[in-house]
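Structure first, then comments.
Readers should treat all values here as calculations from the given coordinates under stated rules, not as data from a laboratory. Given the structure is predicted, the values throughout are model-derived calculations rather than measurements. Cβ coordinates were reconstructed from backbone atoms using ideal geometry, including for glycine residues, and neighbour counts include every protein chain displayed.
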Amino acid sequence: MQRRTFIQNLAAYSAIGACPALLSPSLAASVSSVSVEQLPKLEGELTLYLGRGEGGLYENVLNAIKKRNPNFDLKIRRGPTAALANTIVAEAKANVRRAEVFWAVDSGAIGLLTEAGLAQPLPADLTGQLQPEFQFSNWAPVTGRIRTLAYNTERLSAAQIPDSIMALPESDLSIAWAPAYASFQSFVTAMRILSGEQKTIKWLQDMKKRSKRYAGELGVVLAAERGEVDVGLANHYYTLRLKSGKPDATVDLAFTKNDAGCLVNASGIVALTKNDTAINFIRYLLTTEVQSYLASEAYEIPLIGNLSPPKGLPSLGTISPPKVDLTRLANLRPTLDMMRKAGVL
């Protein structure tokens, strides 16, 4: 869908498929998504801190919301998600409150603000639209992303890939990874929480011996597709976006089971002020129109109960992600120290 079409049809977008559970059969939708037609008009000023990401698609969403609400003055400060989260904490310590809403591309940054006591409670009817695993009292996940193993389909089959992330360095596969990338570091944080520091350090050290380093996870997926490596560690949407533009791409997705290798992380939004405009703005991001757009264009996973996952993603009812409180991913410093100790940073 082109940007202009999305803006023109924000209130009429109807790309709603069936209603599969996104994470397990027990999570079938019990709450229907809300259309922008059901929301009040936004008016007045609001300052949003926006973590950079998703190739401008979040900007398209914001432009569409502004176009629909001509009396709404949305002021945006842009920057890396982690840097903005640290700025918000520093401003609060200086008794300065500039940001009223923060939209982060990673839940770890949200966790930093919730730990600092800066996140305001959200109405139960808003959080209740989300699937049970993604309901939090003081922030709202917007879209999900799952960790995957992107593999070259000409070099191997999915059956040749270990279904345990811990077994990956023990295989004979060549591997691509991006240790400096924020999503990778959140994944390692989850591994540290689930498996402990010693096992995670050993995994990092063993992986370093057989992995090729890339700057970002798009590069990881491209390396797998070109046959430079057998598999690459990356969020799911990089592979789906590549395949959408190149249907004959020789790359596909494999998943580990019930470990950090198939962690479901999320972008998220938090209100930093008790303000009706801020809460209603968050409601717009959870509408049918916005969620469906991000699924179809960004290939992110809608977390509203009754919307379909992005095209090309297998039924997530067959995948076993680990249970991790996403806000715990904010505790990044021990992870960075551990990665330096392992020699991968």
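At-a-glance table
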{"item": "Under the Karplus curve 6.51 cos²θ - 1.76 cosθ + 1.60, θ = phi - 60°, whole-Hz ³J(HN,Hα) for the range 247-262, x wherever Gly or Pro sits", "result": "x, 8, 4, 8, 8, 8, 9, 10, 10, 7, 10, 6, 8, 4, x, 10"}
{"item": "Radius of gyration, Dmax [the range 201-247; alpha carbons; angstrom]", "result": "11.8, 38"}
{"item": "Length-normalised contact order for the range 80-176 - Cα pairs under 8 Å, 6+ apart - percent", "result": "17 percent"}
{"item": "Rounded tilt (10° steps) of 288-297 against the dominant C-alpha axis of the chain", "result": "30 degrees"}
{"item": "Selection from 242, 69, 204 lying farthest towards where the dipole of the chain points positive, charges on Cβ", "result": "204"}
{"item": "Over the chain, relative contact order from alpha-carbon pairs under 8 Å, at least 6 apart, %", "result": "31 percent"}
{"item": "Ratio of Rg to Rh over the chain (Cα coordinates, Kirkwood Rh, two decimals)", "result": "0.96"}
{"item": "HN-Hα J in Hz across the range 74-90 - Karplus 6.51, -1.76, 1.60, θ = phi - 60°, x for Gly and Pro", "result": "9, 9, 10, 10, 10, x, x, 4, 4, 5, 5, 4, 5, 5, 4, 5, 5"}
{"item": "Max mean-square fluctuation residue, GNM over the chain, Cα-Cα springs under 10 Å, options 215, 109, 224", "result": "215"}
{"item": "FRET efficiency estimate (nearest 0.05) - Cβ-Cβ, residue 124 to residue 86, R0 41 angstrom", "result": "0.85"}
{"item": "Residue exposure sequence - 214, 299 - by fewest surrounding Cβ within 10 Å", "result": "214, 299"}
{"item": "The range 120-223: relative contact order as a whole-number percent, Cα under 8 Å and 6+ apart", "result": "26 percent"}
{"item": "Rounded to 5, percent antiparallel among DSSP beta bridges of the chain", "result": "55 percent"}
{"item": "Residue 174 long-range amide H proximity, modeled H, under 5 Å", "result": "230, 231"}
{"item": "In sequence order, calculated HN-Hα J values of the range 221-227 (Karplus, 6.51, -1.76, 1.60; Hz; x Gly/Pro)", "result": "5, 4, 5, 5, 5, 7, x"}
{"item": "The chain, dipole about Cα centre (Lys/Arg Cβ +1, Asp/Glu Cβ -1), debye to the nearest 20", "result": "720 debye"}
{"item": "FRET efficiency, residue 198 to residue 38 (Cβ-Cβ, R0 45 Å, nearest 0.05)", "result": "0.30"}
{"item": "Peptide ranges 147-160, 172-185, 244-257 listed from the most packed, as the mean C-beta count within 10 angstrom indicates", "result": "172-185, 147-160, 244-257"}
{"item": "Share, in percent, of DSSP beta bridges within the range 98-256 that are antiparallel, nearest 5", "result": "65 percent"}
